[in-house]
Amino acid sequence: MITLSSDFGSPYPAAMKGVILRESGARLVDVSHEFPRQDVRAAAFWLREVLPHFPPAVHCVVVDPGVGTDRAALAIRVGDHALVAPDNGVALPVARELAGDGDVIEVFEIEYESPESATFHGRDVFAPAAARVHEAGVDAVHEIEGFERADGYEDLTFPEPTVGNTGASGEVLVVDDFGNSVTNVPGDVLDDRWGDQVRINGEPAPVRRTYAAVDPGQRLVTVGSHGNVELAVNRGRGDEAFDVGRGARVELNF
């Protein structure tokens with residue numbers, strides 16, 4: 001199995017699929033091609049949340065603002081999974097999640113000749129590399145010609161919140177398609193506050209377990225499936241109602 005993730009929209013992923021199908025017998029699964037354009041951190045967040053639910057696979061990830069530059073192409077092996085991605089940190093958070101406390105993360109730089117296009121490495125570099133990993137097998141990544149252990153690579157970590165007895169300070173990591181603003185504040189700060197109110201950037205909002213626990217159009221603070229504090233609106237957009245888009249600071253006071 002090869003999964004595909006990008007910010008390409010359509011029709012570019014079809015060309016990647018054509019290359020992979022021509023060069024391998026892989027079953028293809030789309031994760032998303034609608035990640036926020038050129039937003040490496042947002043893609044890294046969602047990949048960390050989604051890819052660990054897959055059985056062993058090769059994951060081809062192309063969110064690549066540096067396409068055509070001298071940034072490297074990487075293959076990352078962790079347990080029964082492999083990730084093929086640009087060297088911009090996008091695949092490191094999910095690699096750590098897949099590794100857990102046991103598996104070692106191995107990073108290889110992929111050598112490639114000048115591709116046909118300087119603007120479409122997804123088709124010309126990453127898709128063929130993913131096909132090669134699939135055909136060789138994840139356990140044999142180190143044996144693939146042109147795959148050399150990386151001396152160094154770009155990492156990506158998410159900002160840490162500040163949590164105290166009277167509140168927490170953090171920021172919005174991503175906004176999903178429903179308009180829910182997902183913060184980096186851990187959801188356990190709300191463990192003893194279900195049914196109460198808190199203040200978000202000075203304005204009160206109820207703490208509820210479900211969206212439907214408030215009337216349509218009403219704001220709420222909850223914990224999403226990712227385990228983080230989320231600012232939402234029942235049948236509306238939390239980013240607009242709380243005026244907090246991606247990267248916005250969030251002050252939560254109890």
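Looking across segment 242-254 at every residue that is of a type outside the set (D, E) and in a loop (DSSP other than H, G, I, E, B), the one that is farthest from the chain's Cα centre (by Cα) is identified as F254. State all residues of segment 124-157 that are open to solvent by 80 Å² or more (accessible area, probe 1.4 Å) and either aliphatic (A, V, I, L, M) or part of a loop (DSSP other than H, G, I, E, B) (or both); if no residue qualifies, say none. Correct list: E145, D151, Y153, E154, D155, T157.
Pairs are defined by a Cβ separation below 6 Å, a sequence spacing of at least 6 or placement on different chains, a first member in segment 230-254 that is of a type in the set (D, E), and a second member that is part of a strand (DSSP E or B); the pairs so defined are E230/V182; E230/T222; D239/V175; D239/S181; E251/S169.
Residues in segment 168-201 that are touching a Pro at 6+ places or on another chain (Cβ under 7 Å) and of a type in the set (A, V, I, L, M, F, W, C): 2 in all.
Do the conditions hold for F178, that is, is it aromatic (F, W, Y), in contact (Cβ under 8 Å) with a residue 12 or more places away in the chain and open to solvent by 60 Å² or more (accessible area, probe 1.4 Å)?
Working: aromatic (F, W, Y): yes; in contact (Cβ under 8 Å) with a residue 12 or more places away in the chain: yes; open to solvent by 60 Å² or more (accessible area, probe 1.4 Å): yes.
Judged against the criteria, F178 is a match.
Okay, residues lined up against (1) touching a helix residue (DSSP H, G or I) at 6+ places or on another chain (Cβ under 6 Å); (2) within 24 Å of N88 (Cα to Cα); (3) surrounded by 14 or more Cβ atoms within 10 Å (Cβ to Cβ):
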residue: P159; (1), (2), (3): no, yes, no
residue: A168; (1), (2), (3): yes, no, yes
residue: T183; (1), (2), (3): no, yes, yes
residue: V189; (1), (2), (3): no, no, yes
residue: V207; (1), (2), (3): yes, no, yes
residue: A212; (1), (2), (3): no, no, no
residue: E240; (1), (2), (3): no, no, no
residue: D243; (1), (2), (3): no, no, no
residue: N253; (1), (2), (3): no, no, yes
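Can you tell me which residue in segment 18-71 is nearest to T3 (Cα to Cα), limited to those that are of a type in the set (S, T, Y) and over 14 Å from the mean Cα position of the chain (by Cα)?
The initial filter retains those residues of segment 18-71 that are of a type in the set (S, T, Y), namely 24, 32, 69.
Then drop every residue that is not over 14 Å from the mean Cα position of the chain (by Cα), which leaves 24, 69.
Details: S24: 13, T69: 25 Å.
The extreme case among them is S24.
Taking each residue of segment 140-157 that is modelled with pLDDT of 95 or more and looking for partners that are surrounded by fewer than 15 Cβ atoms within 10 Å (Cβ to Cβ) and acidic (D, E) with beta-carbon atoms closer than 6 Å, six or more apart or interchain, yields G146/E111. When segment 104-123 is limited to residues that are at pLDDT 95 or above and among the acidic types (D, E), the one that is most open to solvent (accessible area, probe 1.4 Å) turns out to be E111. Remark: A85 falls outside the filter, which requires a residue to be touching a residue at least 12 places away in the same chain (Cβ under 8 Å), out of contact with any Cys (no Cβ under 9 Å at 6 or more places or on another chain) and of a type outside the set (V, I, T).
The values are calculated or read from the model by the stated rules, or taken from the named source; none is laboratory data. Fair warning: this is a prediction, and the values are worked out from it, not measured in the lab. FYI the Cβ positions are ideal-geometry reconstructions off the backbone, even for glycines, and counts take in every protein chain you see. Side chains are part of the model used for accessible areas, which takes the heavy atoms of the whole protein and leaves out ligands, DNA and RNA. Shrake-Rupley method; radii C 1.70, N 1.55, O 1.52, S 1.80 Å.
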